[in-house]
Amino acid sequence: MEQLPNQPKTNKAFTLIELLVVIGILGVFAVIAYPNVTKWINEREVKAEAYKAAGFLKEIKSTISSGQYGMLQAALQTDVQVYTMSNENYANTYKKLTSTSSLKRNNSCSYRQSGTSRKTNLETIKFPSSGSDYNVHISPSRTVVCMTKDGMLNYSGNQTETDPETRKTVAVFTICSKGNTTQGSCTFRARQDNMYKVTIDKNINTKIYRLKNKNTWVKIDG
């Protein structure tokens with residue numbers, strides 16, 4: 001039987017030049033894609049924190065609506081704190097005709113107000129400034145939301161603005177990414193990537209906004 005001539009072997013391995021080309025393409029892709037991926041991750045983290053804050057306030061609003069407490073104070077800060085006032089203390093401070101309290105006169109509250117007690121079981125969120133869960137900065141460093149069945153009391157330390165839809169004054173809680181801000185540079189007047197804000201009106205209704213193109217606040221919820 002006639003034997004076929006030896007067939008040349010096909011070399012299917014990559015040449016050094018081909019490997020260098022692939023590595024170069026991957027390097028270019030990494031340089032272009034990495035900033036966008038990082039920005040996307042940072043924005044997701046900030047957005048999640050904004051929804052977390054709004055959800056927490058809705059839970060607290062439900063608690064005060066139950067009538068269990070006369071006033072409930074939620075301090076949005078790195079270590080979120082919640083204080084409650086009994087119905088009796090609330091009536092004596094805000095409803096009693098003979099009360100001469102400036103808090104009654106101004107329909108306001110103060111942080112860790114006299115007559116309140118801390119309720120750690122209601123402190124279900126936090127905004128840590130260190131550790132593995134440290135993702136965002138907040139502004140102001142403390143936003144105090146004092147809730148009653150009649151609505152929200154005034155707190156002088158809150159940042160406020162006018163709601164563009166209702167033209168009413170609302171409290172503003174701003175959240176920035178730690179990736180491109182510091183605690184000092186994160187303010188509701190800053191214009192940075194990955195910024196969100198939660199607004200709270202007198203009826204403790206919340207809205208969530210995202211800063212688009214470092215210029216315009218766009219409502220995404222509420």
| Of the residues that make up region 75-98, is at least one loosely packed, with under 12 Cβ neighbours inside 10 Å, at pLDDT below 95 and not aromatic (Phe, Trp, Tyr)? | yes
| task | Just give me the residues in region 143-171 being closer than 22 Å to THR116 by Cα and without any contact (Cβ under 8 Å) to a residue 24 or more places away in the chain, in sequence order. | result | ASP150, ASN158
| task | Say whether the condition of being closer than 29 Å to GLU45 by Cα, modelled with pLDDT under 95 and surrounded by 18 or more Cβ atoms within 10 Å (Cβ to Cβ) is met by at least one residue in region 131-138. | result | yes
| query | If you go through region 1-35, how many residues are within 25 Å of HIS137 (Cα to Cα) and at pLDDT 65 or above? | reply | 0
| task | Test PHE127 against the stated conditions and say whether it is of a type in the set (A, V, I, L, M, F, W, C) and either surrounded by fewer than 13 Cβ atoms within 10 Å (Cβ to Cβ) or assigned to a loop (DSSP other than H, G, I, E, B) (or both). | result | yes
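The values are calculated or read from the model by the stated rules, or taken from the named source; none is laboratory data. Please read all numbers here as calculations on a predicted model, not as lab measurements. Glycine gets a Cβ as well: all are built from the backbone with ideal geometry, and neighbour counts include every protein chain shown.
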